[in-house]
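For reference, the structure discussed in these notes is given below.
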Amino acid sequence: MAWFVLNRVADPAGARPQFLLAGVKGGEGKSCDFNLLRVYTWDVSHQRYETAFVESDFCGYLPVRLGKQVGTGDPEFHFKGMSKDGTKEDWLYRMRQTTVHRVREGEPLRKSRP
């Protein structure tokens, strides 16, 4: 349904983009714009794209906004999503190297493994 370039990584053949894909899984008639996220990252050593992140079974709404985390420059994206109580709230995701995770308000950020 929609795709976005999150960032680019260095490769001997030239910089390669890493992608976010927002799609629809299941039939039509849903009230949300998308319900599937995938992030594809470039693996320099294997010279191929790999699926780094998949999330489904949620209700997201366009637009998806891209940015960079203050201080680190890590890619991030956010959109309005349906909460469990039925209200729309801002959903924020961050990517560090090839790891993507959702950041919830008031939740401490997970430290990346060495």
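Among what's in segment 44-57 and is surrounded by 14 or more Cβ atoms within 10 Å (Cβ to Cβ) and within 14 Å of the chain's Cα centre (by Cα), pick the residue that is nearest to Pro17 (Cα to Cα).
Ala52
Residue count for segment 81-104 satisfying the condition of being over 12 Å from the mean Cα position of the chain (by Cα) and surrounded by 17 or more Cβ atoms within 10 Å (Cβ to Cβ): 2.
Any idea which residue in segment 1-31 is surrounded by the fewest Cβ atoms within 10 Å (Cβ to Cβ), counting only those that are within 16 Å of the chain's Cα centre (by Cα) and of a type in the set (S, T, N, Q)? Of everything passing the filter in segment 1-31, Asn7 is surrounded by the fewest Cβ atoms within 10 Å (Cβ to Cβ). For segment 58-77, the condition holds for at least one residue, the condition being that it is under 16 Å from Arg96 (Cβ atoms), without any contact (Cβ under 8 Å) to a residue 60 or more places away in the chain, more than 11 Å from the chain's Cα centre (by Cα) and surrounded by 15 or more Cβ atoms within 10 Å (Cβ to Cβ).
Does Phe34 qualify as being surrounded by 18 or more Cβ atoms within 10 Å (Cβ to Cβ) and within 10 Å of the chain's Cα centre (by Cα)? Answer is no for this residue.
Within segment 58-97, the set of residues being of a type in the set (Gly, Ala, Ser) and within 30 Å of Ala10 (Cα to Cα) comprises Gly67, Gly71, Gly73. One residue alone among Gly14, Gly26 is free of Cβ contacts under 8 Å to residues at least 60 places away in the same chain and under 19 Å from Thr98 (Cα atoms), and that residue is Gly14.
Bear in mind these aren't lab numbers, they're just calculated from the coordinates by the rules spelled out. For clarity, every value in this text was computed on a predicted model and none was experimentally measured. Cβ coordinates were reconstructed from backbone atoms using ideal geometry, including for glycine residues, and neighbour counts include every protein chain displayed.
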